[in-house]
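No value in this document is a laboratory result; all are computed from the given coordinates. A quick note: this is a predicted structure, and the numbers were derived from the prediction, not measured. So basically every Cβ, Gly included, is an ideal-geometry build from the backbone, and we count neighbours across all protein chains shown.
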Amino acid sequence: MVGERADADGGSTYRTFARRMLRGEPDLTTPEVAERTGLSTEVVRGFWRSLGFADVPDDVPHFTDDDVALLRQLVELFEDGTLGMAAAQSLVRAQGHSADRLALWQVEALVEDAVQRYALDDTSARLLVLDRVARLAPVLEQQLVHTWRRQLVALLGRIDRDVALAHAPPVPDADQLPLERAIGFLDMISFTERSARMSPGELAELVQGFESAARDTIAGYGARVVKTIGDAVLYVADDLRTGAEVSLALLDAMGTRGFEVRGSLVWGRVLSRSGDVFGPSVNLASRLGDVAPPGAVVLDDVSAALLEARDLAVRLTPERPVAVQGLGVIRPVRLARALPDAEAVAPTR
């Protein structure tokens, strides 16, 4: 069985790795963790679920001193008024969700590498990863902490710039969403039909190629990926000009890689929660993407007028209005790069 092969210490490869990562054998039950932290067993279970894990029977030793220390830190922040209980649980949920996706992404990348470089089947590749991940784990941990620090500094820098630009901020409207952002969508055309004819390896290569191209292009212009959904990506930029540059660069990048795509761009207010963005502008961008012509990015007419005022070298071409359920009539405007002067005045052949 995977993870149950004997190692030199007489245990299993997995158990040896688990002891090393957890810095000891789990020897505490849920009630014992509750007693040591001064929390109820229900609160302890709530934090454990927020991390993304299933409930543990009360008589099963599953926790370590590190688990207790983590909870104690949160309790201290709660007791001294630094955090509310809801905020503490939200932070834990964010860490659990992010760490789950990160660990899965990393292991799958290692498995794929083993399959490709050593011509292994999936099971053999996973056994190889199980043997080698102990050597990689310290490096991955250091990179995680460094990357998190960089991301936090970058985020606080954006907040600092936003505050500095608002020299005399107006009194906020309680009914208004707090953040102004450019919201962009991009998705592959005919993905469902295309993927149905692919082998698992071909599908993985398609999705990975699309996602890598999207993430690299978006990050390169200073925008940020909110989420990817296989054949689609949602991203945000702090200003409309950057959003337009990203949209056009995505069309170029996807075109050179043979992906047929379409997208949308909307300027509007959003609410940011749990790493995602919400609001009517996000819904509008999603619907606009559905009606965009193949190989094109479209804006709504209001966002197009704002972009035109930015004096950016782009062409804005009105498309035929379309009726969309729940949003009424939408007037898409196609975004494209401005033609060189000679090409713009030359007769069409």
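Rounding to the nearest 10 and keeping the result within 0 to 90°, find how far the Cα-based axis of helix 85-118 lies from the longest principal axis of the chain. It is inclined by approximately 90 degrees. Taking other C-beta atoms within 10 angstrom as a stand-in for reagent exposure, Val115, Val33 fall in the order Val115, Val33, fewest first. Seen from Gln73, the other residues with C-beta closer than 14 Å to its C-beta sum to a net charge of -4, counting Lys and Arg as +1 and Asp and Glu as -1.
For the chain, the longest stretch holding no GluC sites (Glu not before Pro) located in a DSSP loop with at most 14 other Cβ atoms within 10 Å is which? Numbers along the way, then the final one.
Values: sites that count: Glu4, Glu260.
Longest run free of exposed loop sites: 5-259.
Using the rule -39500 (n - 2.57) for each DSSP H run of four or more residues, divided by the residues of the chain, the 222 nm mean residue ellipticity is -18000 deg cm²/dmol.
When +1 charges are put on Lys and Arg Cβ atoms and -1 charges on Asp and Glu Cβ atoms, the dipole computed for the chain relative to its Cα centre reaches about 1000 debye.
Rounded to the nearest 10 degrees, the inclination of helix 65-79 to the longest alpha-carbon principal axis of the chain is 60 degrees. Qualifying trypsin sites (Lys or Arg not before Pro) in the stretch 222-317, where qualification requires a DSSP coil assignment and no more than 14 other C-beta atoms within 10 Å, comprise Arg257, Arg310. Between helix 280-291 and the chain there is an angle of about 70 degrees, using the helix long axis and the longest principal axis of the Cα atoms.
By the beta-carbon count within 10 Å of each Cβ, the least crowded to most crowded order of Ile159, Ile218, Ile330, Ile183, fewest first, is Ile159, Ile330, Ile218, Ile183.
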